[in-house]
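The values are calculated or read from the model by the stated rules, or taken from the named source; none is laboratory data. Source: prediction; values computed, not measured. Quick reminder, even Gly has a Cβ in these numbers, built from the backbone with ideal geometry, and neighbours come from all protein chains shown.
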Amino acid sequence: MRLIFMGPPGAGKGTQAERITTAYNIVHLSTGDLLRMNVKRGTELGQLAHSYMDAGELVPDDLILKMVAAEFKDPKIENGFILDGFPRTVAQATALDDFLIQEGKHLNHVLVMDVIDEKLVARLTARRTCRICGRSYHLSFNPPKKPGICDNDGSELYQREDDKEVTVRNRLAVYKRQTRPLIEHYMKKGMVKHIDGVGTVDEVFDRIREVLGPCD
Ligand code: AMP
């Protein structure tokens, strides 16, 4: 199964993508996670990308396309994938279309998670992330057992620079301006399925499963 997962920042794509990859045995390819890993490791890509990310702006297409092309070379994607946070611009979508045509592959669905802006701001500004494993928590709805400490590995939790309110609002504006037009691009191909992203993780996952069909 090959999927694109779209939706504004904070819609819960990362959390749901993890559930989907486990249930359907496909690879989760998150360009945001890949970029954060590069920033943490201090790679050349990380150094080029980090100021865009901290400001909530998109990283230039050429850097993203190079990074994604390298991931697509990995045989692990043969079983299927869910693209989370990619494509985000028309240029990226066109490059993906070309790649899929070249490989004789097609997408099954483009899932779009819908959540209203004020809920997104509330979710993102209360998000805390583990410095080591990247797991995220919500201060009210999904707090860690010990404040400030990751349940998974006991490491420190922090607030991502781009989860601060000014940046969150900019990320939402960037999404509306540059990424939302892609929904139209995929609607023309008849691939878009909207998912109501408000509810518990299980409720939202059940809605996704209804669209994707049985996992076994
Ligand atoms: P995310 O975790 O998906 O919200 O991504 C965090 C940040 O990484 C974004 O605000 C962008 O700065 C950058 N980023 C992630 N994916 C892309 C992409 N496909 N194109 C451009 N920038 C991206």
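Every residue in the range 17-58 that is polar (S, T, N, Q) and within 13 Å of the ligand (Cβ to nearest atom), please.
Residues of the range 17-58 polar (S, T, N, Q): 21-22, 25, 30-31, 38, 43, 47, 51.
Passing the criteria: Ser30, Thr31, Asn38, Ser51.
If you scan the range 59-96, which residues turn out to be more than 12 Å from the ligand (Cβ to nearest atom) and among the β-branched types (Val, Ile, Thr)?
Ile77, Ile82, Thr94
Only one of these is of a type in the set (D, E, K, R) and surrounded by 16 or more Cβ atoms within 10 Å (Cβ to Cβ): Arg127, Arg177. Name it.
Arg127
Any residue at all in the range 101-111 that's modelled with pLDDT of 95 or more, under 20 Å from Arg171 (Cβ atoms) and within 12 Å of the ligand (Cβ to nearest atom)?
Within the range 101-111 (the criterion being modelled with pLDDT of 95 or more, under 20 Å from Arg171 (Cβ atoms) and within 12 Å of the ligand (Cβ to nearest atom)), the answer is no, since none of the residues qualifies.
Just to be sure I understand, how many residues within the range 1-44 are of a type outside the set (Val, Ile, Thr), closer than 19 Å to Leu96 by Cβ and assigned to a helix (DSSP H, G or I)?
The total comes to 6.
Scan the range 52-67 for residues that are small (Gly, Ala, Ser) and either closer than 22 Å to Leu96 by Cβ or modelled with pLDDT of 95 or more (or both) and report the count.
Step one: list which residues in the range 52-67 are small (Gly, Ala, Ser), which gives 55-56.
Restricting the remaining residues to those that are either closer than 22 Å to Leu96 by Cβ or modelled with pLDDT of 95 or more (or both) gives none.
Residues meeting the conditions: 0.
Can you name the number of the only condition in (1) surrounded by 15 or more Cβ atoms within 10 Å (Cβ to Cβ); (2) within 16 Å of the chain's Cα centre (by Cα); (3) at pLDDT 95 or above that Ala49 fails?
(2)
In this structure, is Thr21 in contact (Cβ under 8 Å) with a residue 60 or more places away in the chain and more than 18 Å from Val168 (Cα to Cα)?
yes
What about Val59, is it of a type in the set (Val, Ile, Thr), within 17 Å of Lys176 (Cα to Cα) and not in a loop (DSSP other than H, G, I, E, B)?
Here the answer is no, as Val59 does not meet what is asked.
Please enumerate the residues belonging to the range 66-111 that are among the β-branched types (Val, Ile, Thr) and in contact (Cβ under 8 Å) with a residue 60 or more places away in the chain. First the steps, then the outcome.
Taking the range 66-111 first, the residues among the β-branched types (Val, Ile, Thr) are 68, 77, 82, 89-90, 94, 101, 110.
Passing the criteria: Ile82, Thr89, Val90, Val110.
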